[in-house]
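Trainee: Sharing a structure here in structure tokens format.
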Amino acid sequence: KLDGNVGENVSLDKVLICGEGESAKVGTPFLEGCSVVCEVTEQYRDKKIIVFKKHRRKNYRRKNGHRQSLTRLKVTAINA
């Protein structure tokens with residue numbers, strides 16, 4: 001999940017690859033001077049997954065659920 005309300009712009013500075021085809025630049029690990037500007041379109045939670053632990057013959061059972069918070073982004077600009 002990224003911080004930001006719906007409709008706000010978020011700048012992502014850790015870019016791994018920029019360009020297209022033969023002119024693509026790959027960072028090691030990130031590219032300097034490249035950034036991506038995105039608009040937050042939705043803050044939501046993913047569907048629940050069930051985590052179940054069991055030890056056979058020991059009467060040990062644990063059931064836990066987890067929902068991940070996610071952010072949906074729309075790319076508005078790529079600054080190279």
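Trainee: Within the range 24-31, can one find any residue that is out of contact with any Cys (no Cβ under 6 Å at 6 or more places or on another chain), within 30 Å of residue 77 (Cβ to Cβ), at pLDDT below 95 and among the basic types (Lys, Arg)?
Mentor: No, the range 24-31 contains no residue that is out of contact with any Cys (no Cβ under 6 Å at 6 or more places or on another chain), within 30 Å of residue 77 (Cβ to Cβ), at pLDDT below 95 and among the basic types (Lys, Arg).
Trainee: Of the numbered conditions (1) under 17 Å from the mean Cα position of the chain (by Cα); (2) of a type outside the set (Asp, Glu); (3) surrounded by 10 or more Cβ atoms within 10 Å (Cβ to Cβ), residue 47 fails exactly one; give the number of that condition.
Mentor: (3)
Trainee: Tell me whether the range 39-49 contains one or more residues that are assigned to a loop (DSSP other than H, G, I, E, B), touching a Gly at 6+ places or on another chain (Cβ under 6 Å) and not charged (D, E, K, R). Show your work before the answer.
Mentor: Of the range 39-49, the ones assigned to a loop (DSSP other than H, G, I, E, B) are 46-48.
Next, only the ones that are touching a Gly at 6+ places or on another chain (Cβ under 6 Å) stay: 48.
Now restrict to residues that are not charged (D, E, K, R): none.
Looking for residues that are assigned to a loop (DSSP other than H, G, I, E, B), touching a Gly at 6+ places or on another chain (Cβ under 6 Å) and not charged (D, E, K, R), one finds none in the range 39-49, hence no.
Trainee: Does residue 61 meet the test of being charged (D, E, K, R), surrounded by 11 or more Cβ atoms within 10 Å (Cβ to Cβ) and either more than 18 Å from the chain's Cα centre (by Cα) or in a strand (DSSP E or B) (or both)? Step through it out loud before you land on a result.
Mentor: On the way: charged (D, E, K, R): yes; surrounded by 11 or more Cβ atoms within 10 Å (Cβ to Cβ): no; either more than 18 Å from the chain's Cα centre (by Cα) or in a strand (DSSP E or B) (or both): yes.
Here the answer is no, as residue 61 does not meet what is asked.
Trainee: Does the range 6-25 contain at least one residue that is in contact (Cβ under 8 Å) with a residue 40 or more places away in the chain, part of a loop (DSSP other than H, G, I, E, B), surrounded by 11 or more Cβ atoms within 10 Å (Cβ to Cβ) and out of contact with any Asp or Glu (no Cβ under 9 Å at 6 or more places or on another chain)?
Mentor: Yes - at least one qualifying residue is present in the range 6-25.
Trainee: Taking residue 20 as meeting all but one of (1) closer than 19 Å to residue 76 by Cβ; (2) modelled with pLDDT of 90 or more, write down the number of the exception.
Mentor: Unmet for residue 20, out of (1) closer than 19 Å to residue 76 by Cβ; (2) modelled with pLDDT of 90 or more: (2).
Trainee: A follow-up question, please. For the range 64-80, how many residues are at pLDDT 95 or above and part of a strand (DSSP E or B)? Before the answer, list the steps.
Mentor: At the first step, the residues of the range 64-80 found to be at pLDDT 95 or above are 64-76.
Okay, now just the ones that are also part of a strand (DSSP E or B), so 64-66, 69-76.
Count: 11.
The values are calculated or read from the model by the stated rules, or taken from the named source; none is laboratory data. None of the values given here were measured: they were computed from a predicted structure. Neighbour counts are summed over all protein chains in view; Cβ atoms, including those assigned to glycine, are modelled from backbone coordinates with ideal geometry.
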